[in-house]
1. Once you wrap a convex hull around the alpha carbon atoms of the stretch 1-156, what is its projected area averaged over all directions, in nm²?
2. Past 32 Å, Cα to Cα: identify those pairs from LYS111/LYS163; LYS233/LYS263; LYS131/LYS235; LYS163/LYS263; LYS235/LYS263; LYS131/LYS263, in the order given.
3. In vacuo Debye scattering of the stretch 154-195, one point per C-alpha: log10 I(q)/I(0) at q = 0.24, 0.26, 0.29, 0.32 Å⁻¹?
4. Angle check, please: helix 49-58 long axis (alpha carbons) against the longest principal axis of the chain (alpha carbons), in degrees 0 to 90, nearest 10.
5. What whole-number value in cubic angstrom gives the convex hull volume per residue for the C-alpha atoms of the stretch 116-222?
6. Trypsin sites (Lys or Arg not before Pro), restricted to the stretch 1-80: which are DSSP loop and have at most 10 other Cβ atoms within 10 Å?
7. Name the residues whose placed amide hydrogens come within less than 5 Å of the amide hydrogen of GLY176, ignoring near sequence neighbours (fewer than 5 apart) on the same chain.
8. Can you tell me the 0 to 90 degree angle between the C-alpha axis of helix 94-106 and the longest principal axis of the chain, rounded to 10?
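The values are calculated or read from the model by the stated rules, or taken from the named source; none is laboratory data. As the structure is a prediction and not an experimental result, all values here were calculated from the model. Positions of Cβ are backbone-derived with ideal geometry, glycine not excepted, and every protein chain shown enters the neighbour counts. For the accessible areas, the whole protein counts, side chains as well, though only heavy atoms, and no ligand, DNA or RNA atoms are used. Shrake-Rupley method; radii C 1.70, N 1.55, O 1.52, S 1.80 Å.
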Amino acid sequence: IYTSGSTGAPKGALIAHHNVVRLFRATGAWFHFGPDDVWTLFHSYAFDFSVWELWGALLHGGRLVIVTFEVSRSPQEFYELLCRDHVTVLNQTPSAFRQLVQAEASIIDTKRLGLRLVIFGGEALDFQSLKPWLDRHGDQSPQLINMYGITETTVHVTYRIIKEADLSSGLPSLIGVPIPDLELYVLDPHRNLVPVGVPGELYVGGAGLARGYLNRGELTSERFVAHPFDDGKGKRLYRSGDLVRRRADGDIEYLGRIDNQVKIRGHRIELGEIET
């Protein structure tokens, strides 16, 4: 999967088949995907979110509804598709979902949705933006899940269920807890662990790590670093470039980037590349 190609020379992350298979094994107890689920392939297959959508359906014997480019750009038509095809698992970037929420509010004769899960990823989620949706649907049917992820660690890294109470408490962008077969560390610039409540860079280790970047040895060494708490088995961590902090309740709070990278509709844009 290629990512961050602002200058036309994107980085190719080497993802193995087992990286994808273990992603669904490790999250299966949370989602209970099965053959009765209907998924949409909403995102481009050049975007890592599509890996989750495509294989989430096929590996569990579910049905995959391919969304045309035109329909993906029309929230009203996409809403109609969700109802018509009885979609049960919807995966969205928060910005795309906001448009869908606005489209539903403008439809006089709203049809019944069959969604059981709405899974967010690709960019930071503002919990307050979900209020119109939660006012209409509540937080049980469908259930809303926030998942932080990185291409280089195979789509998803963390998991958090969103409740209506989260909005009234004014919580920041919380990304939850790690997927069971991943390790998360919040480190300072010297790669020492920081205390609870102190901001630091998020490092990710475990079964989801890519092999590195295709034909980019120097960049691979820069981003995939030696595990500072390794037991001598040559483990690596991926430097996310994301600033986070751990809360006392174990939740991880997303604070932004430590560099000039930005995300637009889930796409990673390197401002330094544009400047160059």
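1. Details: hull surface 37.8 nm².
Taking the Cα atoms of the stretch 1-156, their convex hull projects to 9.4 nm² on average.
2. LYS233/LYS263; LYS131/LYS235
3. -0.92, -0.95, -0.99, -1.06
4. The two axes meet at around 60 degrees.
5. Cα convex hull per residue, to the nearest whole number: 126 Å³.
6. none
7. Sorted by chain and number, the residues that satisfy this are ILE252.
8. Roughly 10 degrees between the two axes.
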